[in-house]
Amino acid sequence: MTTYGVNTLISDSGVIKYRIVTERWEINENKRPSRWTFNKGILLTQFDLKKHVVGYIQCDSAVYFDKDRRWELRGRVRILTAQGLNFYSNELYWDEREHQMWSYTYSHLKTPDKELQGNWFRSDEQMTNYEIRQTKGWGIFSNEEFMSPAGPAFPPMDTTHVDSMKGPIVLQK
């Protein structure tokens with residue numbers, strides 16, 4: 001089944017929570033695994049109780065594997081979270097069951113106090129606990145954000161060095 005020109009609202013207990021806007025929405029239950037395909041792009045918008053936009057996900061194309069509850073977002077992936085985090089990449093995978101998001105391509109993450117770029121990204125689906133590898137960027141960081149939980153503060157000189165950055169988003173008031 002294919003639907004064109006979709007602009008639909010999703011509510012929970014009578015309160016509008018989300019909007020889906022897409023030019024073409026194809027539902028194919030015959031393929032294994034079954035999937036929803038958005039070849040012409042998709043915009044998912046999240047609203048607060050007063051119907052103000054608090055976040056969105058936008059990309060050029062997406063596939064949602066409905067039985068697996070897994071998304072594959074491709075082409076100019078843009079995310080804005082309720083905490084003010086902006087995420088940009090050319091691909092993003094999202095596993096709703098595991099509550100994880102990841103990308104193996106160049107990703108750009110911008111918060112009110114940090115701006116990071118890297119070639120490997122993994123996060124919880126709220127994008128509050130994330131890790132970026134092969135990084136570059138700027139920000140105000142605590143010592144805990146520079147150290148991995150399992151490793152020493154300064155690895156031996158003869159080991160292979162992989163840049164990584166972990167950290168929650170801290171909103172300054």
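Scanning segment 38-48 for any residue that is assigned to a strand (DSSP E or B), of a type in the set (S, T, Y) and touching a Ser or Thr at 6+ places or on another chain (Cβ under 8 Å) turns up nothing. The residues of segment 101-131 that are of a type in the set (D, E, K, R), assigned to a strand (DSSP E or B) and farther than 11 Å from F87 by Cα, listed by number, are K114, R122, D124, E131. Please tell me if V6 is within 29 Å of L109 (Cβ to Cβ) and either touching a residue at least 24 places away in the same chain (Cβ under 8 Å) or in a strand (DSSP E or B) (or both). Answer is no for this residue. The listed residues are R70, R32, and the only one of them that is of a type in the set (K, R) and surrounded by 13 or more Cβ atoms within 10 Å (Cβ to Cβ) turns out to be R70.
Contact map, segment 100-112: residues that are under 18 Å from Q134 (Cα atoms) paired with residues that are part of a loop (DSSP other than H, G, I, E, B) and not β-branched (V, I, T), Cβ distance under 8 Å, separation 6+ or inter-chain. Pairs shown: M101/E125; M101/M127; Y104/N119; T105/N119; Y106/N119; S107/N119; L109/L85; K110/L85.
The residues of segment 92-126 that are surrounded by fewer than 19 Cβ atoms within 10 Å (Cβ to Cβ), within 10 Å of the chain's Cα centre (by Cα) and not basic (K, R), listed by number, are Y93, Q100, W102, D124, E125, Q126. Can you find even one residue in segment 82-90 that is within 19 Å of T22 (Cα to Cα), surrounded by fewer than 19 Cβ atoms within 10 Å (Cβ to Cβ) and at pLDDT 95 or above? Within segment 82-90, one or more residues are within 19 Å of T22 (Cα to Cα), surrounded by fewer than 19 Cβ atoms within 10 Å (Cβ to Cβ) and at pLDDT 95 or above.
Pull up segment 49-97, narrow it to residues that are basic (K, R) and part of a loop (DSSP other than H, G, I, E, B), then point me to the one that is nearest to I132 (Cα to Cα).
Filtering segment 49-97 for residues that are basic (K, R) and part of a loop (DSSP other than H, G, I, E, B), the one nearest to I132 (Cα to Cα) comes out as R97.
The values are calculated or read from the model by the stated rules, or taken from the named source; none is laboratory data. Because the structure is predicted, anything quoted here is derived from the model rather than measured. Using ideal geometry, Cβ is built from the backbone for each residue, glycine included, and neighbour counts are taken over all protein chains shown.
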